[in-house]
Amino acid sequence: MKHIIIGTAGHIDHGKTTLIKALTGRETDTLKEEKDRGISINLGFTYFDLPSGRRAGIIDVPGHEKFIKNMLAGISSIDVVLLVIAADEGIMPQTREHFEILQLLNVKKGIIVLTKSDLVDAEWIEMIKGDLTQEFKGTFLENAPIHAVSSKTKIGLEALIKDIDKITEEVAAKDTEGHFRLPVDRAFTISGFGSVVTGTIISGRVKVGDTIEVYPSKVVTKVRGIQIHDKPEGFGEAGQRCAINLANIKLSEIGRGDVVSKVNIMEPSFSIDCVLYYLKSAKKPLVNRQRVRLYHGTDEILCRVVILDREEIAPGESAYVQLRLEKQINAQRNDRFVLRSYSPMYTIAGGMVINPSADKVKRFNEKYIDDLKIKESGTTENILENTLSKLSGDYPDANVILKALGKNEQGIEDKLQTLVDDNIIIKLTALDKTIYIHKDFIKQKIEEIERILTVYHNENPLKGGMPKEEIKNKIFGKNIKQKTYDELLMLMEERNAIKVYEKYVSLYDFWIQYTNEQENLRKSIILAYDKGRYNTPKYSDLIQSEKDKKNFKMVFDSMIDNEQLVKVAEDCIFTKDHYENSKTLVCNYIKENGSIAASSARGVFDTSRKFAVALLEHFDGIKLTKRVENDRILYKES
């Protein structure tokens with residue numbers, strides 16, 4: 001079902017609240033002070049059953065200049081505006097300011113309502129309509145219906161209701177499939193129930209029992225109950241005004257300006273990047289670092305405007321800016337906002353959030369501004385790709401990407417898969433989640449590994465490669481998960497960039513090549529250890545007799561690396577063949593005798609106690625055998 005929010009706007013005492021009561025039969029001024037003074041101070045809420053059967057929520061906003069921040073809290077979520085103008089007074093200052101705010105917030109549909117028409121004659125009404133046609137020429141109200149009504153005599157109300165019904169049919173359906181988000185406009189407690197918040201759901205849906213989070217405090221709570229238009233409901237969705245009863249949360253932990261949403265989906269921030277439109281009616285340019293008041297959703301925040309692409313903003317100009325805030329904001333990309341001057345307070349600008357969680361950046365950074373342009377006007381795929389190109393080093397899953405996008409994006413996995421299919425991004429499965437990285441990230445890491453391995457191979461021509469852990473720390477950092485790292489190495493190996501052999505990595509086309517002299521050294525080392533069988537010589541004795549000790553060490557280390565020689569302990573080194581045979585000898589002996597002791601092992605290997613004990617302890621370490629008191633048994637039989 002399509003849900004509609006209708007809002008009023010207009011100058012104080014032009015009859016907004018009275019009009020709503022005439023249309024719905026319900027009073028929206030609920031505070032004693034409002035009734036005593038006859039003006040709306042806070043937001044008023046009710047609903048309207050239209051002839052088509054649709055039920056529209058109605059927000060009555062205050063018109064008095066002193067209460068304009070309350071007006072902004074309500075009008076930011078409306079679909080259709082009833083711009084109320086008293087027929088006997090015409091357009092007044094607050095009418096114009098409210099209308100400027102409507103345009104800044106990108107409200108697209110509305111009806112002009114001339115109230116108190118019973119106080120003037122027909123000729124006057126026609127003259128006012130002519131003035132209004134000129135006033136709103138070139139705006140979203142240029143072709144809007146103009147209805148002259150009297151809330152007192154009910155004249156014109158029937159025709160107005162028909163047009164309201166018609167225009168609500170034209171409103172686009174809300175995003176009910178994305179994640180739930182509700183800016184809080186009121187928070188209070190009810191005895192026996194606890195904390196309650198009210199607001200308009202601007203995306204997604206929420207149901208009783210859901211776990212949700214309060215931003216920016218990040219308090220996690222549960223939905224105990226939902227009311228829509230004073231009736232309990234099982235769920236609420238985008239476009240509906242609702243009251244939500246929250247479990248286990250104090251009133252001090254939530255209030256107007258906060259946002260309740262899906263857990264871990266938003267990142268409160270002290271800086272946001274925006275495109276800003278400075279009103280033509282402004283009397284002087286907006287200067288860099290000017291202090292202003294930001295109105296976003298239901299929140300009011302003091303901030304400074306850092307102009308990124310020019311020295312100052314002239315009236316009627318647009319610019320890229322970074323708003324640096326005095327408290328955290330809970331925004332998403334494409335959210336609209338309004339700026340008012342710090343003092344005296346009047347509306348000066350508005351715009352759209354491009355990056356809701358921005359780092360401080362220097363002005364006139366062309367690359368940064370180009371990125372903002374992509375985020376402002378690019379396709380979803382372009383924005384996703386741009387986001388991934390920056391985020392790949394964090395190895396993000398879809399939820400992290402969604403948070404970084406700063407926008408409720410329906411079907412994020414499908415859109416990511418499209419980029420995967422187009423070979424723009426790469427999908428990896430890391431433990432219990434799927435992560436995504438940009439192809440350029442892989443390309444960059446391959447280039448870095450190739451550079452580091454080229455140097456390594458030149459300095460260590462007889463080593464099979466650099467240790468995997470060393471490459472991980474130098475190229476990828478310590479935060480990468482081991483499974484993700486192994487997948488990335490496998491991907492690079494498939495692209496013929498590297499070779500991975502056990503715990504070493506080399507360039508794909510690298511092979512150990514001995515010189516004639518080195519080959520002769522290798523053969524002599526093999527001969528010495530082969531002759532010794534299980535009574536092998538000490539390394540120090542072998543190298544002592546060599547003239548070129550550096551070359552001998554390089555050859556010897558390479559033989560250890562590529563397992564021509566197997567080191568089981570210090571000065572206990574055997575050829576590969578003798579080492580493998582020693583495992584067979586131990587297993588056969590234990591199978592025949594049930595266990596093996598160190599003394600028995602000496603005879604099996606025909607060696608000294610030193611070598612026999614070293615081999616048995618090594619076999620314990622690789623879980624071939626298990627020590628039981630002074631004997632060893634086969635590990636798999638223990």
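Let me spell it out: the conditions are (1) at pLDDT below 80; (2) more than 38 Å from the chain's Cα centre (by Cα); (3) under 22 Å from ASP163 (Cβ atoms), and GLU34 meets all of them except one. Which number is the exception? Of everything listed in (1) at pLDDT below 80; (2) more than 38 Å from the chain's Cα centre (by Cα); (3) under 22 Å from ASP163 (Cβ atoms), GLU34 misses just condition (3). Has the range 628-636 got at least one residue that is over 30 Å from ASN460 (Cβ atoms) and assigned to a helix (DSSP H, G or I)? Yes: one or more hits. Here are some residues: LYS162, LYS222, LYS174. Which one is surrounded by fewer than 17 Cβ atoms within 10 Å (Cβ to Cβ) and outside the structural domain of LEU251 (by TED's automatic domain parsing)? Only one candidate passes the filter, namely LYS162. Hey, does the range 353-364 have a residue that's surrounded by 15 or more Cβ atoms within 10 Å (Cβ to Cβ), among the aromatic types (Phe, Trp, Tyr) and farther than 21 Å from MET266 by Cα? Within the range 353-364, none of the residues are surrounded by 15 or more Cβ atoms within 10 Å (Cβ to Cβ), among the aromatic types (Phe, Trp, Tyr) and farther than 21 Å from MET266 by Cα. Would you check which residues across the range 436-456 are under 20 Å from VAL500 (Cβ atoms) and either without any contact (Cβ under 8 Å) to a residue 12 or more places away in the chain or buried (at least 19 other Cβ atoms within 10 Å of the Cβ) (or both) and list them? Correct list: ILE437, PHE441, LYS443, GLN444, LYS445, GLU447, ILE449, ARG451, LEU453, VAL455, TYR456.
If you go through the range 206-264 and keep only what is under 22 Å from the mean Cα position of the chain (by Cα) and of a type in the set (Gly, Ala, Ser), you end up with SER217, ALA238, GLY257, SER261.
In the range 270-285, what residues are polar (S, T, N, Q) and surrounded by fewer than 19 Cβ atoms within 10 Å (Cβ to Cβ)?
SER281
With respect to (1) in the same structural domain as ASN551 (by TED's automatic domain parsing); (2) at pLDDT below 90; (3) among the hydroxyl-bearing types (Ser, Thr, Tyr), the lone exception for TYR529 is condition (2).
Scanning the range 189-221 for residues that are of a type in the set (Phe, Trp, Tyr) and either at pLDDT 90 or above or within 24 Å of ALA398 (Cβ to Cβ) (or both) yields one hit, TYR215.
Residues checked against (1) over 14 Å from SER203 (Cα atoms); (2) outside the structural domain of VAL220 (by TED's automatic domain parsing); (3) in contact with an Asp or Glu (Cβ under 6 Å, 6 or more places away or on another chain):
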| position | (1), (2), (3) |
| --- | --- |
| PHE235 | no, no, no |
| GLY239 | no, no, no |
| CYS242 | no, no, no |
| ALA247 | yes, no, no |
| GLU253 | yes, no, no |
| GLY257 | yes, no, yes |
| VAL275 | yes, yes, yes |
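Residues in the range 564-602 that are under 26 Å from ARG522 (Cβ atoms) and part of a helix (DSSP H, G or I): 9 in all.
Considering only the range 168-200, state which residues are in contact (Cβ under 8 Å) with a residue 60 or more places away in the chain and of a type in the set (A, V, I, L, M).
Taking the range 168-200 as the starting set, the residues that turn out to be in contact (Cβ under 8 Å) with a residue 60 or more places away in the chain are 168-171, 173-189, 197-200.
The answer is VAL171, ALA173, LEU182, VAL184, ALA187, VAL197.
Within the range 315-377, considering only strands (runs of 3 or more DSSP E) that don't extend past its boundaries, which have at least 3 residues that are in contact (Cβ under 8 Å) with a residue 24 or more places away in the chain and within 21 Å of the chain's Cα centre (by Cα)? Passing ranges, in order: 318-329, 347-355. If the condition is being at pLDDT 55 or above and either farther than 30 Å from TRP124 by Cβ or not hydrophobic (A, V, I, L, M, F, W, C) (or both), then the range 60-89 contributes ASP60, PRO62, LYS69, LEU72, SER76, SER77, ASP79, ASP88, GLU89. Summed over the range 206-219, residues that are in a loop (DSSP other than H, G, I, E, B), among the hydrophobic types (A, V, I, L, M, F, W, C) and crowded, with 17+ Cβ neighbours inside 10 Å total 0. Within the range 416-430, does at least one residue satisfy the condition of being assigned to a loop (DSSP other than H, G, I, E, B) and among the acidic types (Asp, Glu)? Yes, there is a match, as at least one residue in the range 416-430 is assigned to a loop (DSSP other than H, G, I, E, B) and among the acidic types (Asp, Glu).
The values are calculated or read from the model by the stated rules, or taken from the named source; none is laboratory data. Remember, it's a predicted structure, so these values are computed and weren't measured experimentally. Glycine gets a Cβ as well: all are built from the backbone with ideal geometry, and neighbour counts include every protein chain shown.
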